[in-house]
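K.L.:
Sharing a structure here in structure tokens format.
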Amino acid sequence: MEKRFAHLSVMAEVAPPMVVTNPDGTYVDATFGRGGHSRRILSLLSPEGRLIAFDRDPQAIESAKEIDDKRFSIIHAPFSHMREELSLKNVDRVAGVFMDIGVSSPQIDDASRGFSFRMDGPLDMRMDTSCGQTAAEWLASASETEIARVIHTLGEERFAKKIARAIVQSRVTDPLVSTQQLAKLVAQVVPANKKDPTQNPATRTFQAIRIHINSELDELSQALEAAMDLVEDGGRIAVITFHSLEDRIVKRFFDEKAHPERRFDSRLPLRASELPAPELTDIRRILPTEEECAANPRARSAILRVATRVRTGRPA
Ligand SMILES: C[S@@+](CC[C@H](N)C(=O)[O-])C[C@H]1O[C@@H](n2cnc3c(N)ncnc32)[C@H](O)[C@@H]1O
């Protein structure tokens, strides 16, 4: 029996109305979590509207059973498979796609999931506990160079090489199996953050390993491409991210699709009609209010980006 862990949805009032442009449409919530955004989206739909949610976490899928609404359904799959999964339901166009990227509070707060350096638990970190390699398995087999690369690129950690060396040396006699073992090991080689002494030295390492284990950045890039294929003309793609690596992917993706002409040298003698047409327009960046950040510290790093799909028929 799953213990109950709550999740306070970020920008729950602002984001869903940005996605729902047609109450009769079919929408995707790619990250169900505990369904805060899904419930809000459903409240904006007519009896004809439909919401198809995704989550890769079996506990999220379990909690979705609480939603008793014939307009709602949920799929246990990574959101990068959105197109294929929807096509199995004969859906090849939707009115909008919403994503609230990253981990949920129930995942972080449950020590047995291994996401948190604050509590002791098995070093797992998989969002989908039904498949894939755990963090402990990866740390036991990856090379020192690979561990250093992941911690450096996905954690933006200056001491990545030192941490990787400590992990590889320690695992010879002492396999890393628990979150506290890893947190203590990192604390031995990473000095306290001078700018923010309250930050746990293992913060960046845990973030990096989690992103790697769940292929989070690739998932996001693939889901954005899938959303482009799926969303109808005038429909929206809305994404909430929680750190700069993710936000950069969304920002660049939206910019490139909104300004495909920037790929061409402006000195080339090309008429406007010869340039590729924008596929996205009306790009917006929305931050949570100060009140929300005070009430929900998770909101502090959130950025919501919204774009409207345009389908002109001209090649992009
Ligand atoms: C921030 S929470 C979403 C919270 C949700 N919006 C709510 O209101 O309760 C992110 C959720 O997305 C799921 N998730 C993250 N990456 C995923 C992926 N690639 N495919 C499917 N689900 C994913 C996680 O398992 C987690 O439940």
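K.L.:
Can you work out which of the residues in segment 134-193 that are out of contact with any Ser or Thr (no Cβ under 8 Å at 6 or more places or on another chain) and among the hydroxyl-bearing types (Ser, Thr, Tyr) is surrounded by the fewest Cβ atoms within 10 Å (Cβ to Cβ)?
P.N.:
Per the criteria, the residue is THR173.
Conditions (1) in a helix (DSSP H, G or I); (2) under 30 Å from ILE61 (Cα atoms); (3) without any contact (Cβ under 8 Å) to a residue 12 or more places away in the chain; (4) of a type in the set (Phe, Trp, Tyr), marked per residue:
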{"residue": "CYS131", "(1), (2), (3), (4)": "no, yes, yes, no"}
{"residue": "LEU139", "(1), (2), (3), (4)": "yes, yes, no, no"}
{"residue": "THR145", "(1), (2), (3), (4)": "yes, no, no, no"}
{"residue": "ARG149", "(1), (2), (3), (4)": "yes, no, yes, no"}
{"residue": "LEU154", "(1), (2), (3), (4)": "yes, yes, no, no"}
{"residue": "GLU157", "(1), (2), (3), (4)": "no, no, no, no"}
{"residue": "LYS161", "(1), (2), (3), (4)": "yes, no, no, no"}
{"residue": "ALA166", "(1), (2), (3), (4)": "yes, no, no, no"}
{"residue": "ARG171", "(1), (2), (3), (4)": "yes, no, no, no"}
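K.L.:
Quick check: is even one residue across segment 2-23 open to solvent by 50 Å² or more (accessible area, probe 1.4 Å), within 10 Å of the ligand (Cβ to nearest atom) and part of a loop (DSSP other than H, G, I, E, B)?
P.N.:
yes
K.L.:
Take the residues in segment 24-45 that are open to solvent by 20 Å² or more (accessible area, probe 1.4 Å) and in a loop (DSSP other than H, G, I, E, B), then tell me which one is farthest from the ligand (Cβ to nearest atom).
P.N.:
First, the residues of segment 24-45 that are open to solvent by 20 Å² or more (accessible area, probe 1.4 Å): 24, 26, 31, 34, 36, 39-40, 43-44.
Subsequent filtering for residues that are in a loop (DSSP other than H, G, I, E, B) retains 24, 31, 34.
Numbers: ASP24: 23, THR31: 3, ARG34: 4 Å.
Selected residue: ASP24.
K.L.:
Taking the condition of being in a helix (DSSP H, G or I), surrounded by fewer than 17 Cβ atoms within 10 Å (Cβ to Cβ) and of a type in the set (Lys, Arg), how many residues in segment 289-316 meet it?
P.N.:
Total satisfying the criteria: 1.
K.L.:
Condition test on THR129, is it open to solvent by 30 Å² or more (accessible area, probe 1.4 Å), touching a Lys or Arg at 6+ places or on another chain (Cβ under 8 Å) and among the polar types (S, T, N, Q)?
P.N.:
On the way: open to solvent by 30 Å² or more (accessible area, probe 1.4 Å): yes; touching a Lys or Arg at 6+ places or on another chain (Cβ under 8 Å): yes; among the polar types (S, T, N, Q): yes.
So THR129 passes the test.
K.L.:
Being aromatic (Phe, Trp, Tyr) and assigned by TED's automatic domain parsing to the domain that holds GLU85 is true for just one of PHE253, PHE206. Which residue is that?
P.N.:
Details: PHE206 fails: assigned by TED's automatic domain parsing to the domain that holds GLU85.
Going through PHE253, PHE206 in turn, the sole match is PHE253.
K.L.:
Restricting to segment 83-119, and then to whatever is β-branched (Val, Ile, Thr) and in contact with a strand residue (DSSP E or B) (Cβ under 8 Å, 6 or more places away or on another chain), can you tell me which residue is surrounded by the most Cβ atoms within 10 Å (Cβ to Cβ)?
P.N.:
First pass over segment 83-119, keeping only residues β-branched (Val, Ile, Thr): 91, 94, 97, 101, 103, 108.
After this cut, where a residue has to be in contact with a strand residue (DSSP E or B) (Cβ under 8 Å, 6 or more places away or on another chain) as well, the list is 91, 94, 97, 101.
Numbers: VAL91: 16, VAL94: 21, VAL97: 27, ILE101: 22.
Among those that are β-branched (Val, Ile, Thr) and in contact with a strand residue (DSSP E or B) (Cβ under 8 Å, 6 or more places away or on another chain), it is VAL97.
K.L.:
Tell me the residue from GLU66, GLU48 that is open to solvent by 70 Å² or more (accessible area, probe 1.4 Å), of a type outside the set (Lys, Arg), within 16 Å of the ligand (Cβ to nearest atom) and under 25 Å from VAL14 (Cβ atoms), please.
P.N.:
Numbers: GLU48 fails: within 16 Å of the ligand (Cβ to nearest atom).
Going through GLU66, GLU48 in turn, just one is open to solvent by 70 Å² or more (accessible area, probe 1.4 Å), of a type outside the set (Lys, Arg), within 16 Å of the ligand (Cβ to nearest atom) and under 25 Å from VAL14 (Cβ atoms): GLU66.
The values are calculated or read from the model by the stated rules, or taken from the named source; none is laboratory data. Given the structure is predicted, the values throughout are model-derived calculations rather than measurements. As a convention, Cβ positions derive from the backbone with ideal geometry for all residues, glycine included, and neighbour counts pool all protein chains shown. Heads up: the accessible areas ignore ligands, DNA and RNA and are worked out on the full protein's heavy atoms, side chains in. Shrake-Rupley method; radii C 1.70, N 1.55, O 1.52, S 1.80 Å.
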